[in-house]
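Student: Right, I'll just put the structure down here and ask away after.
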Ligand SMILES: N[C@@H](CCC(=O)N[C@@H](CS)C(=O)NCC(=O)O)C(=O)O
């Protein structure tokens, strides 16, 4: 669907949260929407009025109505547009995917963030070690949610993949600079193959 000005996305190109929303829109075939790149040092009036409590991107504006918070937006996109489902239809599985998506933001990212901000080698080693239990938990989640298929969503990417996927470019970039491998196949053999490349 060519969305035109009906759909606007206020974003920032390196934001993992904006990547989630862009991914969800692609999955639903929503193309040609208006993308507005925000300068987060000098936020636009539109951003501040659309997300007055947080002033953060992403904000999706659909027919003039703003929707904030990336995971909320992804759920909205799933419900508002036809196309392949992002969340499962079964209520229990839906709750499970919401749980793991929240885990990614509440536990996984905060456990890894100190690593990519740390500089001294000893500090790096320590912070890297501290991030590993959350990756291990995610590997268990993959086993639970994927039914032996390649993605959290099974045969194709779903809500948890979209939630984690936003961080992948950052994980790879930090691995490259720091000489680490966070999603190491030797340590985490069940990680999805798509996360290797
Ligand atoms: N929980 C939010 C986080 C969004 C977020 O942290 N966005 C950052 C860019 S990556 C931002 O807008 N920062 C500007 C600020 O904090 O003032 C979501 O999932 O959408």
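We did not get these values from a lab; they are worked out from the coordinates using the rules stated. Since the model is a prediction, treat every value here as computed from it, not as a measurement. Methodologically, a virtual Cβ is constructed for each residue, glycine included, from the backbone with ideal geometry; neighbour enumeration extends over all protein chains shown.
Student: Run the numbers for residue 130 and residue 49: contour at 0.36 nm per residue of separation, minus the present Cα-Cα distance, in nm. Please list the in-between numbers first.
Tutor: Numbers: separation 81, 0.36 × 81 = 29.16 nm, distance 3.83 nm.
Taking 0.36 nm per residue and subtracting the Cα distance, the gain is 25.3 nm.
Student: Determine the gain in length on full extension of the stretch residue 42-residue 149; use 0.36 nm per residue of separation and subtract their C-alpha separation, reporting nm with one decimal.
Tutor: Numbers: separation 107, 0.36 × 107 = 38.52 nm, distance 4.39 nm.
Extra length available between residue 42 and residue 149 comes to 34.1 nm.
Student: So, one more: Between 0 and 90 degrees, rounded to the nearest ten: what's the tilt of helix 16-27 against the longest Cα principal axis of the chain?
Tutor: Taking the Cα atoms of the chain, the angle to 16-27 is about 60 degrees.
Student: May I pose another question? In square nanometres, what is the average projected area of the Cα convex hull of segment 2-80? Intermediate results must be reported in sequence, preceding the final value.
Tutor: Numbers: hull surface 18.6 nm².
Directional mean of the projected Cα hull area for segment 2-80 stands at 4.6 nm².
Student: Go ahead and run the numbers for FRET between residue 63 and residue 92, Cβ-Cβ distance against an R0 of 45 Å, rounding to 0.05. Present the calculation step by step, with values, prior to reporting the outcome.
Tutor: Numbers: r = 33 Å, r/R0 = 0.73.
It comes out at approximately 0.85.
Student: For a quick check: sort 62, 35, 54 by the number of other beta carbons within 10 angstrom, fewest at the front.
Tutor: On the way: 62 19, 35 14, 54 10.
In increasing order of surrounding Cβ atoms, one gets 54, 35, 62.
Student: Once the mean 1/r over all distinct Cα pairs of the chain is inverted, what Kirkwood radius in angstroms do you read off?
Tutor: Details: mean 1/r = 0.0563 Å⁻¹.
By the Kirkwood definition, the hydrodynamic radius is 17.8 Å.
Student: Taking the Cα-to-Cβ direction at residue 107 and at residue 6 and moving 7 Å from each Cα, how far apart do the two end points lie in nm?
Tutor: The answer from the label model is 4.0 nm.
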